[in-house]
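The values are calculated or read from the model by the stated rules, or taken from the named source; none is laboratory data. Keep in mind the model is a prediction, meaning the values are calculated, not measured. Positions of Cβ are generated from backbone atoms using ideal geometry, with glycine treated the same way; all protein chains shown enter the neighbour counts. Keep in mind that these areas ignore ligands, DNA and RNA; they rest on the heavy atoms of the full protein, side chains included. Shrake-Rupley method; radii C 1.70, N 1.55, O 1.52, S 1.80 Å.
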Amino acid sequence: MSIIKHFINRLNKKKHIKRVCNNITLIGNMPEIREKTKVVLKRGSSKDNIIIDDNVMLLGCTIMSLCGGMVIIGKHSQIGQNSKIFAVDRIEIGNYTGIATNVTIVDNNNHPVNPEFRKYMFTTPHNSDARSWIHADYKPIKIGNNCWIGADSRIQKGVTIGDNSIVAACSVVTKDVPANCIAAGNPAKIVKTDIDKIPAPTSCKEFNEYIAKQTNHQ
């Protein structure tokens, strides 16, 4: 790679990060933002509707707020490549939570159920009010602390996922998931409970040292 091309790539990357940061409210340290990350504000939403805490990683995802929908992402959490978070109400993601690749989290139905409305909607321009998600059913989503949402899964409107829980890959979550559980399937069902009681692996030297320090400080 030539020096000029390298300089242009660095400049474009800085412009990309600046553009994304102009659409979010940071309440902690600068997040890690990979290229292809998009933060979109439409229909009256502002940067105050996207709140990002300390050390969040946005790894090529799309976050969209319409009509003042809130998206709140807690510290040390990450959103994977090609994942989508779309809000017209409220989507809250806790601390230390991982969202894998190709995950969809949407707090609304995208369109009303009524057939006559949907038929009318398709006669209107793409940016018309009739196509706004605000006219569909919507409910807030809350994903707790230290959760893992597996690749290619979908979290539907109104769902709460408790702390420490896991959603298996390719799952569709339509109902609440309690804390310390694993949910899997379409629709997702609880397949394991009390995962906080499963012993941690001892094969990681760094983790063992971390645990030893925690024990010594008690």
Sole exception among (1) over 17 Å from ILE105 (Cβ atoms); (2) in contact (Cβ under 8 Å) with a residue 40 or more places away in the chain; (3) of a type outside the set (Asp, Glu) for ASN180, by number: (2)
Subset tally (residues that are closer than 18 Å to ASN164 by Cα and either open to solvent by 70 Å² or more (accessible area, probe 1.4 Å) or modelled with pLDDT under 95 (or both)) for region 179-210: 13
Scan of region 95-135 for residues that are aliphatic (A, V, I, L, M) and either free of Cβ contacts under 8 Å to residues at least 24 places away in the same chain or more than 24 Å from ILE51 (Cα to Cα) (or both), ordered by number: VAL113, MET121, ALA130
In region 96-125, the residues that are under 16 Å from SER171 (Cβ atoms) and either hydrophobic (A, V, I, L, M, F, W, C) or in contact with a helix residue (DSSP H, G or I) (Cβ under 6 Å, 6 or more places away or on another chain) (or both): ILE99, ALA100, VAL103, ILE105, VAL106
Residue within region 172-189 that is under 14 Å from ILE99 (Cβ atoms) and of a type in the set (S, T, N, Q) present: no
ASP107 being surrounded by fewer than 18 Cβ atoms within 10 Å (Cβ to Cβ) and either of a type in the set (Asp, Glu) or at positive phi (or both): no
Count of residues meeting criterion [open to solvent by 60 Å² or more (accessible area, probe 1.4 Å) and on the phi > 0 side of the Ramachandran plot] in region 131-178: 3
